[in-house]
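Beneath this line is the structure, given in structure tokens, with notes to follow.
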Amino acid sequence: MAFYKELLTLCAFEEDEIADQKQRIERTFEILGLGPEDMERAIERINKFYAVELLGVRKALGIWFKELFDLVLAKEEGKNVIYFGYPPPLLIGYIIKYATKPGNDYYVGCPEAVLCQVLGQLFDKLNPVLEAGEALGFPPGHGMCSMLQNRNGALDMGILPVPDLAIGVSYYCDMGPKADELMSHRHGNDVEYLDNSMDSPWGTWPDYDPEKIKFMAAQINKLFKSLKNKFGIEITDEVYEKGNESIMQYFMAVYGLNHHISADPCPLSLADAQLILNLGVGSTGVTIDEGFEAVQILTKEVEKRVEEGYGVVPKGAPRVLIYLPSFVDPAFNNLLNEVGLAVPITAALLPPPETPPPYPFTTIAEKLAERMMYSGVFHSAYGAIKFFAEGLKSTKVDGVIFNYQHNCRPCVCRSKLSKDYLDKETGLPMLLLEMDFYDNRNYSASSLQTRLEAFAEMLLAKKAEANKGIV
Amino acid sequence: MALKSKIVAGIDIGAATAKAVILNESKIIASHVIPTGESVKKAAESVMKQTLDKEGLSMNDISYKIATGYGRRAVSFADEVITEISCHAKGVNMLMPDAQTVIDIGGQDSKVIEISKDGNIGNFVMNDKCAAGTGRFLEVMARVLDSNINEIGSISLNGNEPCQISNTCTVFAESEMVTLRAEGETRENIFAGIHSAMAHRVVIMGNTVGFKKSVVFTGGVARNIGMKKFLQERVGMEIFVPEKPQIIGALGAAIVARNKI
């Protein structure tokens, strides 16, 4: 039996699928240096951290593997490779992917997200990639998150194909484009930058200076022009609508799933929920084709759990919203449940505000720019905090865990501002947790555990106090 | 039917010391502190036995036992585990019901805890991953300056011009000490600078929670009178130190245990 068969079968691959994909699978694992021992470790981790009795979870795991194969083999299979940076311009990525879909001769995605998920969460073998990134001049804690170590390290190790085009994004993190510049210098690939700044005056969101939209739109048009000149890719209204539809279809399905996860007792672990949610971040390929189906299957399974009263935590457990789960460490994500906290929602699933955008922009680029600005997080610290506070009002949570990336410049300053603002606006208890979403070498799990346990104890005590006198 | 014993125990296994408190209703009948040493499990058994021996009790006399501290999960004889953050709030609340803030500085971490009216955690903050701002920082500095850890607080009080300690990293601060000594700086001023820098770090962290009267200082470092002085200066209000600040976590665990029976 092939050394990977048991693992891929666990991840919902069919026998004939494994046989058909044999060469691709073996070539991918060869490039990544993954052998039988790695397969055993991945099987052990998957069984430990994920609810493999759920077909939807196994399908999601399988999609991540397919995404990995498509990514690693893209060049060898003659595809054009387009990477977008992190945080990803998701809709733009989906639109490009949709525009290139007919020939299926493009890989469009965020490779570091795929490596975090598969090498990090499943194989626990991301460290050599991060260390390769460090050797390139990306030491931890120098204002550069491990996502930048990740992609550059992987390229230097030769486990990722060199892209034909990298879309550098500086509208949130200004260090990403520096890392893209280094990548271009070392590997000779083209880079197209999407520049903008998240500098807007405190208190202005959801309003904004329309000039910022025009500037960002010009940046997006520059990218579209480059796509046309370099690859002949045309971004038409139809492509925009279809790309929009595909991402909306996926995320609406995820919202539907989340509705069931919000039940009491909470029926799905955070690690399982993240498998699905992260697909929309890292993948514009297999997710479009198979992700929707996986979400639907999982939704039915979770619905059944709700009917049966099954919970990953006891009924009545304190409910928290976590800002961001770990991208590489399912043990941390499950730790929240282990200390008795239900996690019905993450910040990524907070509903958008009902107020319509103030300006009637009409071109594709302007509409894309406006949507990004309107999401708050790319507007300003205030925009991100206010968006978060507004979204919180519609959730029924007992507390918030605002965990922030210790070396992320936009995040760190915002953490204390967020706590103060949310204390005042919502009165919800909030735990500030410094951690690393992308590199589990940079925090102590036992120290985090004490804080999470204490937070759970505090929320339980507050609930008990609030319930006093209620007959 | 035999009456259930009202004697309970709290065991706090910290990075530096293991503590146990035996409580009979609201009265502390025995407490003990020993170094944690290499084996957390052995330290737990040993501190419990030595505390029981003080009153001629056996484990069978204890109705309920709660473990806390970073080694809480290694206490095999405990009926339950609770974090030290909840326990310090409970312990201080019993000793000083009007206290609203706890500064707890132990061997490997420091915390500032807001106590709710009923003695639970109202809010808290804990140092993240750095040794600066913990008892370990003081231990390292005492070693570098060849001083007794139990005396450095008193020495710091004699510093008339506290040195500016610029490094917040324990390892780098160590080399800074060597440089200061080489420059002829007095031990008194160096220790005053160390205590001042550490107090600054703890207070900056604690501002996330805020300091409300009365403020109580617990943990092993609370025995250091220099740290109390510099914390008071930074916080701008009087800080109270219980008679046995090290056992407050164990006391809190015992109080929770008492409420279980």
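The values are calculated or read from the model by the stated rules, or taken from the named source; none is laboratory data. Note that the coordinates shown come from a computational prediction; the quantities given were computed from them, not determined experimentally. Heads up, the Cβs are rebuilt from the backbone with ideal geometry, glycines too, and the neighbour counts pull from every protein chain shown. Heads up: the accessible areas ignore ligands, DNA and RNA and are worked out on the full protein's heavy atoms, side chains in. Shrake-Rupley method; radii C 1.70, N 1.55, O 1.52, S 1.80 Å.
Here are the numbers:
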{"item": "Karplus-derived HN-Hα couplings along the stretch B:81-92 (A = 6.51, B = -1.76, C = 1.60, θ = phi - 60°), whole Hz, x at Gly and Pro", "result": "10, 9, 6, 5, 5, 4, 5, 5, 4, 5, x, 5"}
{"item": "Within 10 Å of each Cβ in A:426-432, the average number of Cβ atoms from other chains", "result": "2"}
{"item": "Stokes-Einstein D in µm²/s, Kirkwood radius over Cα pairs - the stretch A:269-311 at 25 °C with 0.890 mPa s viscosity", "result": "220 µm²/s"}
{"item": "Within the accessible area of the stretch A:391-471 (1.4 Å probe), percent carbon and sulfur", "result": "56 percent"}
{"item": "FRET E, pair B:Glu233, A:Tyr255, Förster distance 56 Å, beta-carbon r, rounded to 0.05", "result": "0.60"}
{"item": "Average projected area [Cα convex hull, the stretch B:1-148], square nanometres", "result": "10.4 nm²"}
{"item": "Probe 1.4 Å, protein heavy atoms only - accessible area per residue of the protein assembly as shown in square angstrom", "result": "40 Å²"}
{"item": "Where the Cα pairs of the protein assembly as shown fall when distances are cut into 10 Å bins, in %", "result": "3, 13, 21, 23, 19, 13, 7, 2, 0, 0"}
{"item": "Whole-Hz ³J(HN,Hα) from phi, Karplus 6.51 cos²θ - 1.76 cosθ + 1.60, for the stretch B:247-261, glycine and proline x", "result": "8, 5, x, 5, 4, x, 4, 5, 5, 5, 4, 4, 6, 8, 9"}
{"item": "Cleavage-rule hits, GluC sites (Glu not before Pro), the stretch B:15-117, DSSP coil, Cβ neighbours within 10 Å at most 11", "result": "B:Glu25, B:Glu38"}
{"item": "Amide H partners (placed H, <5 Å) of B:Thr218, local residues excluded", "result": "B:Ile103, B:Asp104, B:Ile105"}
{"item": "Relative contact order of the stretch A:64-172, pairs being alpha-carbon contacts under 8 Å that are 6 or more residues apart, as %", "result": "37 percent"}
{"item": "Hull volume in cubic angstrom per residue (convex hull over the Cα atoms of the stretch A:242-328)", "result": "91 Å³"}
{"item": "Other-chain or far-sequence residues with amide H under 5 Å of A:Leu54's (modelled H)", "result": "none"}
{"item": "Hydrodynamic radius (Kirkwood) for the stretch B:15-67, which is based on Cα pairs only, to one decimal in Å", "result": "11.4 Å"}
{"item": "Of all accessible heavy-atom area on the stretch B:95-169, the percent that carbon and sulfur account for (1.4 Å)", "result": "43 percent"}
{"item": "Threshold 40 Å² - residues in the stretch B:124-166 whose accessible area is reduced by that much or more when the chain is no longer isolated, probe 1.4 Å", "result": "B:Phe124, B:Met126, B:Asp128, B:Lys129"}
{"item": "Surface/4 of the Cα convex hull for chain B, nm²", "result": "13.8 nm²"}
{"item": "A:Asp20 paired with A:Lys225, simple spin-label distance in nm, labels 7 Å along Cα-to-beta-carbon", "result": "4.3 nm"}
{"item": "Calculated FRET efficiency for the pair A:Leu182/A:Asn47, C-beta based, R₀ 41 Å, to 0.05", "result": "0.60"}
{"item": "Estimated 222 nm signal from helices in chain A, with DSSP H stretches of n ≥ 4 weighted -39500 (n - 2.57), rounded to 500", "result": "-17500 deg cm²/dmol"}
{"item": "Loss of accessible area when A meets B, both sides summed, Å² nearest 100, probe 1.4 Å", "result": "1700 Å²"}
{"item": "Percent carbon-and-sulfur accessible area, the stretch A:164-313, ignoring ligands, DNA and RNA, probe 1.4 Å", "result": "50 percent"}
{"item": "In the stretch A:1-37, GluC sites (Glu not before Pro) in a DSSP loop with at most 13 other beta-carbon atoms within 10 Å", "result": "A:Glu14"}
{"item": "³J(HN,Hα) computed for each position of the stretch A:128-133 - Karplus, 6.51 cos²θ - 1.76 cosθ + 1.60, integer Hz, glycine/proline x", "result": "x, 5, 5, 5, 5, x"}
{"item": "Estimated FRET transfer efficiency when R0 is 45 angstrom, pair B:Phe172-A:Ala218 (beta carbons, to 0.05)", "result": "0.45"}
{"item": "Distance histogram for the stretch A:312-450 (every C-alpha pair counted, 5 angstrom bins, percent rounded to whole numbers)", "result": "2, 9, 18, 21, 19, 15, 9, 5, 2, 1, 0"}
{"item": "Of every Cα-Cα pair in the stretch A:405-471, the percent that sits beyond 18 Å", "result": "55 percent"}
{"item": "Candidate lysines for bridging to B:Lys54, where Cα separation is under 21 Å - those fewer than 8 sequence places away on the same chain excluded", "result": "B:Lys6, B:Lys19, B:Lys27, B:Lys41, B:Lys42, B:Lys65, B:Lys244"}
{"item": "Unmatched cysteines, the protein assembly as shown - criterion: no other Cβ of a Cys under 4.7 angstrom", "result": "A:Cys11, A:Cys110, A:Cys116, A:Cys145, A:Cys173, A:Cys266, A:Cys413, B:Cys87, B:Cys130, B:Cys163, B:Cys169"}
{"item": "Nearest-10 value in Å² for the accessible area of B:Leu57, using the 1.4 Å probe", "result": "40 Å²"}
{"item": "Alpha-carbon spread of the stretch A:1-140, three principal axes, descending order, Å", "result": "41, 38, 28"}
{"item": "B:Phe172 - accessible surface, heavy atoms, 1.4 Å probe, Å² rounded to 10", "result": "120 Å²"}
{"item": "Accessible area in the full protein assembly, largest first, 1.4 Å probe, for A:Asp209, A:Asp329, B:Asp61", "result": "A:Asp209, B:Asp61, A:Asp329"}
{"item": "Interchain or long-range residues, amide H under 5 Å from A:Val169's placed H", "result": "A:Gly85, A:Tyr86, A:Leu194"}
{"item": "Å³ per residue enclosed by the Cα convex hull of the stretch B:97-180", "result": "125 Å³"}
{"item": "For the stretch A:27-53 versus the stretch A:138-188, the gap between their alpha-carbon centres in whole angstrom", "result": "26 Å"}
{"item": "Cα coordinate range in the stretch B:126-261, projected on the principal axes (Å, largest first)", "result": "60, 28, 27"}
